[in-house]
Amino acid sequence: MHLHKYEKYWLGLGIIGLIAFLLILGFGAFYLGTHPQSHGELIDPENLEMNEAFHEENLGLTKVDEGRYVLNVVASAFNYNLGTDESGAPISHIEIPAGSKVLVQATSPDVVHGLNFAGTNINMMVEPGYVSALEVQLDNPGEYTLVCNEYCGVGHHMMFGTMEVVE
Ligand code: CUA
């Protein structure tokens, strides 16, 4: 069989391109490992207390300045820990004034969870070993449901909360 000179060139180029593609894919997918897209720092999932944000008293919504809030959440099977109220009861509903900026920080002590306030830009993957962080501005008043959008086990559907953005 006779191959034209240029056919050989292009064949060679195709093979080189394919190898380069597979190397890049393999490097990206395996060498660097996987992590949630919005992770900031590492954390020991068995010792969440190592990060001040996840101390029991710092969980939930805290006002840090005029129009600025921090929301620290521990997502675990099968609950979002948003802190406790004055009577010690777990909080599942938070309220925040429209136009506020909120820094959401979340982590998990067990398995991968999602943290999505449906209808807002707050949509994170929460992976044990990482602190997921995201700052958003909440401009649109309304009630938003917090849901877990990573299947995490039999109680997956029980993970929810609500956030009201008030005028
Ligand atoms: Cu947590 Cu699904």
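The values are calculated or read from the model by the stated rules, or taken from the named source; none is laboratory data. All values derive from a computational prediction rather than experimental measurement. Positions of Cβ are generated from backbone atoms using ideal geometry, with glycine treated the same way; all protein chains shown enter the neighbour counts. Please note that ligands, DNA and RNA were not included when accessible areas were found on the heavy atoms of the full protein model with its side chains. Shrake-Rupley method; radii C 1.70, N 1.55, O 1.52, S 1.80 Å.
Within the accessible area of the chain, what % is carbon and sulfur when the probe is 1.4 Å and the other protein chains stay in place? Its accessible area is 58 percent carbon and sulfur atoms.
The Cβ shell under 14 Å around Val102 holds other residues with a net charge of -3, Lys and Arg each +1, Asp and Glu each -1. Have a look at Tyr80, Tyr151, Tyr130 and tell me which one the Gaussian network model of the chain (Cα, springs below 10 Å) gives the largest fluctuation. Of Tyr80, Tyr151, Tyr130, the most mobile in the Gaussian network model is Tyr151.
Indicate the gyration tensor shape class of region 33-167 (rounded, prolate or oblate), computed on the Cα atoms with a ≥ b ≥ c the square roots of the eigenvalues: a/c under 1.5 is rounded; otherwise a/b larger than b/c is prolate and the rest oblate. Rounded is the answer for region 33-167, as its axis ratio a/c remains below 1.5.
Taking Gly114, Gly60, Gly26 in turn, the Gaussian network model of the chain (Cα-Cα springs below 10 Å) assigns the largest fluctuation to Gly26.
Solvent-accessible area per residue in region 26-167 equals 53 Å², computed with a 1.4 angstrom probe and all protein chains kept.
Near Gly67, once Lys and Arg are set to +1 and Asp and Glu to -1 for all other residues with Cβ below 15 Å from its Cβ, the sum equals -3.
In degrees from 0 to 90, rounded to the nearest 10, what is the angle of the helix 5-26 Cα long axis to the longest principal axis of the chain? Helix 5-26 sits at roughly 20 degrees to that axis. Provide the net charge surrounding Gly161, with neighbours chosen by a C-beta distance below 14 Å and charges set as Lys +1, Arg +1, Asp -1, Glu -1. Here the count lands on -4. Here the 3J(HN,Hα) profile of region 146-162, calculated from phi with Karplus coefficients 6.51, -1.76 and 1.60 at θ = phi - 60°, is 8, 10, 8, 10, 10, 4, 10, x, 4, x, 3, 6, 8, 7, 7, x, 9 Hz, Gly and Pro shown as x. Bridge orientation summary for region 70-167: considering DSSP beta bridges with both residues in this region, about 70 percent are antiparallel. Taking each residue as 0.36 nm, the span from Leu3 to Ala98 lengthens on full extension beyond its C-alpha to C-alpha distance by 27.3 nm.
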